[in-house]
1. Are any of the residues in the range 286-296 outside any helix (DSSP H, G or I), surrounded by fewer than 24 Cβ atoms within 10 Å (Cβ to Cβ) and touching a residue at least 60 places away in the same chain (Cβ under 8 Å)?
2. Considering only residues that are of a type in the set (Ser, Thr, Tyr) and closer than 15 Å to ILE364 by Cβ, which ones fall in the range 295-327?
3. The conditions are (1) open to solvent by 20 Å² or more (accessible area, probe 1.4 Å); (2) among the aliphatic types (A, V, I, L, M); (3) within 11 Å of ligand 3 (Cβ to nearest atom), and ILE360 fails exactly one of them. Which is it?
4. Is it true that ILE364 is out of contact with any Asp or Glu (no Cβ under 6 Å at 6 or more places or on another chain), in contact (Cβ under 8 Å) with a residue 60 or more places away in the chain and assigned to a loop (DSSP other than H, G, I, E, B)?
5. Output the residue which, of all residues in the range 221-275 that are within 14 Å of ligand 3 (Cβ to nearest atom) and of a type in the set (S, T, N, Q), is nearest to ARG374 (Cα to Cα).
6. Among the listed residues ALA318, ALA325, ALA341, which satisfies the condition of being open to solvent by 20 Å² or more (accessible area, probe 1.4 Å) and of a type in the set (A, V, I, L, M, F, W, C)?
7. Given the range 1-111, what strands (runs of 3 or more DSSP E) lie entirely inside it while holding 1 or more residues that are at pLDDT 95 or above, out of contact with any Asp or Glu (no Cβ under 8 Å at 6 or more places or on another chain) and not aliphatic (A, V, I, L, M)?
8. For the range 244-277, which positions are away from ligand 1 (no atom under 16 Å from the Cβ) and of a type in the set (A, V, I, L, M, F, W, C)?
Amino acid sequence: MESAEIMVPIAEYADRRRRVLQALEGAAGLVLAGHETPVPSLGRWKTDRMFWYLTGLDHESGAAVLFDPSAEDEAKRITLFVRPRDPEIERWDGPREPIDSALKAKTGFPAIARTTAMPSRLSEAARRTKQLACLHQFANHNGPLSPDLELFRKVSERIPGVSIQDRTQLLPSMRAVKSATELGLIREAISATVAGYDRALSMIRPGIREEEIAQAMTASFREHGGEPAFDPIVGAGANGAVLHYIERNAVITAGDLVVIDYAASYGGYCSDVTRTLPAAGSFTREQRLLYEVVLEANLAAIDAARPGALISDVHRAAEDVIARAGYGDFFIHGIGHQLGAEVHDATPDGPLVSGMVMTIEPGIYLYDRCIGVRVEDDVLLTESGAVTLTVKIPKTVDAIEAAMAGR
Ligand code: GLY
Ligand code: MN
Ligand code: MN
């Protein structure tokens, strides 16, 4: 197990697991890491983020955490299962550790066993509690079953009287409220993103390719300890009106607005920022008018984002501004999303609560006029309202033009 990316203290993961154990009210629950694709060198496998949230382990394909709150032996109420060692596979993927006191201390799990023991331990828990709680998100009807439900269905067919409960809100509710450590990591991610935008602001000019901006920003993120949180969107002119534009092969021309939706992650936590910049260094009158509408919508939505509000209230605040300006049909996506261990992070049902970190990202997309504008910030919800975490990235027309003036 590698621990280079574990930056949240081991004790915080243990505390999260204790909270899950308690919330299960006697039902058994299972959180699975998922399975590595067969050839790791062809692309990095990503552990299930629920498993990662509870363990910090990013390289344990096949692993699982079993919550068994009613186990008589208190030491067995939370168990980490890791797959057996295989000397031949270790020749390819590197050595794995034995289960010993060093591994227990390193992972913070007093109880670790091999995955070969998991089926019998799950059945034992099911016979005793008769309640199995689904923690992974349910799939849509046409997708594969969620991994815990798939196992629970098999268990309940073999042990009469076992009921399966929906506890899929539990982990999203926990994950949505960020701890001080998590907020620190998001702030670090944003610092790397700020550096990336400083770089973009200093280099955008007619004649360079969209990809050059993406590459320079990536280098800046890495210089500041970050990694790309997602694939870059850098779209000039009409490309800025294509929401998922990923080609980045166009040459930027003098009259273009350039939509840049690109941000860093740090220690596994993401930021997500969009700025729309004039290639020439200053906005034309037409560009400025459109930009000011989106900016006003961004500010109205930030103002509406507070504990107790629904995401639909926040959306409407932006939509009202955009519709009043006559562009109601051209704001074609949601106002934002939760942000954390995933760019589109786990989202509990219900109103917004204090401690959430979310994006606010209204936009107007006029493909026929070769112009797209989006302004995306990351905000922290507090009792007194939303605090914008991405304030260091120029956002007003004046701030953008001033930042670009020195190029
Ligand atoms: N960068 C992806 C998004 O804005 O949701
Ligand atoms: Mn984005
Ligand atoms: Mn976003």
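1. Taking every residue of the range 286-296 in turn, none turns out to be outside any helix (DSSP H, G or I), surrounded by fewer than 24 Cβ atoms within 10 Å (Cβ to Cβ) and touching a residue at least 60 places away in the same chain (Cβ under 8 Å).
2. TYR327
3. (1)
4. No, not satisfied.
5. THR274
6. ALA325
7. The strands (runs of 3 or more DSSP E) meeting that bar are 64-67, 78-82.
8. Within the range 244-277, ALA250, VAL251, ILE252, ALA254, LEU257, LEU277 qualify.
The values are calculated or read from the model by the stated rules, or taken from the named source; none is laboratory data. As the structure is a computational prediction, the values presented were derived from the model and not from experiment. For neighbour counting, all protein chains shown are included, and Cβ atoms are generated from backbone atoms with ideal geometry for every residue, glycine included. Just the protein is used for accessible areas: all its heavy atoms, side chains included, with ligands, DNA and RNA removed. Shrake-Rupley method; radii C 1.70, N 1.55, O 1.52, S 1.80 Å.
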